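These notes concern the structure reproduced below.
The values are calculated or read from the model by the stated rules, or taken from the named source; none is laboratory data. Note that the structure is predicted; figures quoted are calculated from it, not measured. Counting neighbours? That spans all protein chains shown, and the Cβs are built from the backbone with ideal geometry, glycine included. Ligands, DNA and RNA are excluded from the accessible area calculation, which covers all protein heavy atoms including side chains. Shrake-Rupley method; radii C 1.70, N 1.55, O 1.52, S 1.80 Å.
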Amino acid sequence: MALLQISEPGQTPNPHERRIAVGIDLGTTHSLVAAVRSGAAECLPDDQGRVILPSVVRYLPDNKRQIGFEALANVAIDPQNTIASVKRLMGRGLYDIGHREKLPYKFVEGEAASGMVSLDTVGGVKSPVEISAEILATLRYRAEDTFNDDLFGAVITVPAYFDDAQRQATKDAAQLAGIKVLRLINEPTAAAIAYGLDNASEGVYAIYDLGGGTFDISILRLTQGVFEVIATGGDSALGGDDFDRALADFISAETGYLPSTASEKAALLVEARRCKEVLSATNNIAFQAVNTQAMGEKSTKSGVFELFREQFVAATQHLTDKTITAVKKALRDAKLSKDEIKGVVMVGGSTRMPHIQQAVADLFGKPPLTNVNPDEVVALGAAIQANQLAGNNGAGDLLLLDVIPLSLGIETMGGLAERIVPRNQTIPTAMAQDFTTYKDGQTALALHVVQGERDLVADCRSLARFELRGIPPMAAGAAKIRVTFTVDADGLLSVAAKELGSGVESQITVKPSYGLSDDQIATMLKDSFSTAQQDMKSRALIEARVDADRMVLATQSALDIDGHLLNADESSVIAASIAALLIAKEAEDAAIVEAATTDLAKATEAFAAMRMNSGIAKALAGKNIETV
Ligand code: ADP
Ligand code: MG
């Protein structure tokens, strides 16, 4: 007894569950979380509608802490316990941090094992991994609240220049935050994915990322849907903050206002940043009042000061030029001319400044891509990738990492292997197919789980066998048995069989890759390619024989019940056809078997009509015509 396939319940079968997978941009200044919802990637807002989470953690006594905006508001008040830009410390030892004397933190040398620097706070000694984990956990809760479900996993972005220690530290932080890392991807790659460049024509792209405190230029080459970083460059101490400082200096020079205390300095910077951001949106003549209380009193000029975009552009020209010089250097490193660049992607809040966009356009001789929100573009690309890695959108995945090396399937009638999960399917995955019974009154069936690319079970690897019992007796083909293959992220396979009418079910779990080396997998694949044609022939023959058997069985069972409807001549014609088919079945040619099966079907056509009429007559017997 075995299975006969009747249908495939579609590309994304019923039992397939959607997994909550997000993309996280763990930024120096800001962090974001995004997910694909109804087909489009979007950033998830907090309960106040803000998508950005300042990457700032403040430690308080008694294990309390503030994260994000709340912590940011206290940077000036409690600098020693309020950690900003922790990303710069990730995976770094004490002596790797060149600017540490400029930072307000109490550094302690890391433990021998990791060597990573730690910070002493009122909440205890904290490593950069722990601090980053606070930010990641906040984003995880945001995602889980949004979807009201557990997070399946995340794609987290890191700068292209991050080394192994920095990448490992990021992974550790995710683990500490209870997040399963589906993959770390480079920030420029994520941005390119958000623009759909992985589907664009192959070629070289430049990603210009000017954030709050860092400038990164990356040159990527796209080949067959995979991005390769061919050069990186930039300046880890150049970003929007420098534009704020330059503008603050300009305002001081113009107004004669020189802040003296730390909080006055901070207030002027905040005001300069506000002006800078407004100047990105308002055209030529932006009018902004610089109006802090302190300035009004101390300024030699009046408290109201008019600022023009040209003044800001001029005051920051040296910073703009610095980024362009770094881009040229990266191009030289990659041995590329600027004409060889197919497209330029703008990333980071600071690329909203029109004069930055203009400088980039002038360099490359074409306008850069700016239509995706530059704060969000990295998180959005990571979300798209996360959605693919979680197996939420079926085929066409790029950059496959965890895939099923050999197809998984089940034995069907005649010793054929029916593939249910194809090779190269990303895991985790769940796929199902429907089967039916072969014989009338069949109440049990044996399931044989196999692995391999060959059509014949005999040529595949046997993984497991189990039985489904308690199927209510039905005519052959009436039962509907759904067989579901589920492979979890660790490659563990569960096969479940369920008769959908009665609900009886049975299942088994196996580890398909167990005991198979890469070489063995390679051999199995090679065998399948070299024997594909031969396999196809034997599959056709076996299928024809299964059809023949089914036809003979069905005819015999009909004869048992309704044979009395036939006269002797009619009976012998059918008997001869059965005999002919049983002989033809032994032929090694599918066409011969199929022809004989068709002959038997023709020979029994009249008999089938008689059975139908007699059935109707029986059903109608004793009934008034009106009640029918
Ligand atoms: P990071 O990647 O370093 O975390 P972001 O990409 O979030 O940083 O960029 C933050 C920077 O972008 C800040 O310096 C901020 O002032 C700047 N920024 C945001 N919006 C604008 C704007 N409209 N015009 C100019 N600069 C902006
Ligand atoms: Mg960034």
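Sort 604-611, 251-258, 450-457 for me by packing, meaning the mean count of neighbouring Cβ atoms within 10 Å per residue, highest on top.
Numbers: 604-611: 14.9, 251-258: 16.4, 450-457: 23.2.
Highest to lowest by the protection proxy: 450-457, 251-258, 604-611.
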Cα shape, the stretch 533-620, gyration tensor, a/c 1.5 rule: prolate
Column: log10 I(q)/I(0), Debye, Cα scatterers of the stretch 177-228, q = 0.14, 0.15, 0.23, 0.31 Å⁻¹: -0.42, -0.47, -0.87, -1.21
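Per residue, how much accessible area does the stretch 533-620 have with a 1.4 Å probe, in Å²? Working shown, then result.
Details: 5260 Å² over 88 residues.
Normalised by residue count, the accessible surface of the stretch 533-620 is 60 Å².
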Length gained when the stretch S260-S85 is fully extended (0.36 nm per residue, less Cα-Cα span): 60.5 nm
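How large, in percent, is the carbon and sulfur part of the accessible surface of the stretch 533-620 at a probe radius of 1.4 Å?
Using a 1.4 Å probe with all protein chains present, the stretch 533-620 comes out at 61 percent carbon and sulfur.
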Burial ranking of peptide ranges 93-103, 144-154 (average Cβ count within 10 Å, highest at the top): 144-154, 93-103
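Could you tell me the number of lysine pairs in the stretch 14-133 with C-alpha atoms less than 18 Å from each other, where the two lysines are 8 or more residues apart or belong to different chains?
On the way: K64/K126; K87/K102; K87/K106; K87/K126; K106/K126.
Final tally of qualifying lysine pairs is 5.
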Sorted peptide list for 54-65, 563-574, 361-372, criterion being average Cβ within 10 angstrom, highest first: 54-65, 361-372, 563-574
